[in-house]
Amino acid sequence: MLDELATIVTPETILRWHRELVARHWDYSKHRKSSGRPPAAREIVELVLRMAKEDPTWGYDRIQGALANLEHPVSDRTVGNILKAHGIEPAPDRKHQSTWKTFLDAHWDVLASVDFTTIEAWTKTALVTYCLLFIMEMATRRVYFAGSTANPDELWMLQMARNLTDAEDGFLRRKKFLMMDRDAKFSEEFRATLEQVGIEAVRLPPRPPNLNPRIERFMRSLKNECLHRLIFFGERPLSAAVVAFLAHYHVERNHQGLDNRIIEPGDEVRCTIGKIACRERLGGILRYYHRKAA
């Protein structure tokens, strides 16, 4: 038999097979009883991880108590082992690592964001790039057009900051935080002007992938639905088009991020009878269909 196998396999292979059979003969691991505590149930592990991430200040004992409220009696040591196995630090280190989502959720009602976009317009001498400054109220999605300029220098930015924080009609008068990127136009003097009235400038990390998506989505809608469909001759018609779009954006346009609702619906939205009419803006570029009250 070995002579026949010699043409198929090498002696080293036969010896390896022999060693594996001997090892399997003496292997009693299947009959050995497991020692130590059984691993925590999957539901408990998921709860521990969820509580640790959603409540960064909770320590092992606090999480243990919360689990006991849910009829999951485990020790604080078990909680600690679960967190360590998943690379989560104890509470004293974890509480200083709040996520951006936690920050946004906690300050939603007093949070706004600011950003620039650009558009080209023809003048008597050349094609000029204008910078448009917008501020969005995060809780409601309302947007304010602060102004436009071809030269957003320090003086212009400081004037915008003073307008936004005016005690009577400033768009930011009830806000506590203003999110912004690290554009040099949002200078130290600009941020200091905000801080003088109690508004903290929250600067986003460099190249954030998705930390200010709502105002960026507004910019895309503004350009796709309005600005890129027009040719502007000077700054005045450009500003007029932006104002017209904002009126449409607030009182006529449905928003998918708000369950397809309108930000500030008028009385015609609640009208269920009457002739259907179409309101046009910018020569029909923006349209709104509604029922005329009888």
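Quick note: the coordinates plus some simple rules give every number you see, no bench work behind them. Nothing here was measured: the structure is a model prediction, and the numbers come from that model. For neighbour counting, all protein chains shown are included, and Cβ atoms are generated from backbone atoms with ideal geometry for every residue, glycine included.
Tabulated data for the structure shown
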| quantity | calculated |
| --- | --- |
| Fewest-first sequence of K223, K84 by Cβ atoms within 10 Å of each Cβ | K84, K223 |
| Which of M160, M136, M51 has the fewest Cβ neighbours within 10 Å, and the rest in rising order | M51, M160, M136 |
| Inter-label distance for S187 and L158, nm, one decimal - labels placed 7 Å from Cα along Cα-to-Cβ | 0.8 nm |
| Exceeding the 30 Å Cα-Cα cut-off - candidates K223/K275; K53/K176; K175/K275; K124/K223; K53/K185 | K223/K275; K175/K275; K53/K185 |
| Residues whose placed amide H lies under 5 Å from that of M179, excluding near-sequence neighbours | A112, S113, V114, V202 |
| Share of pairwise Cα separations in region 160-294, more than 28 Å, in percent | 36 percent |
| At R0 = 25 Å, FRET efficiency that the Cβ-Cβ distance of T123 and A244 yields, to 0.05 | 0.75 |
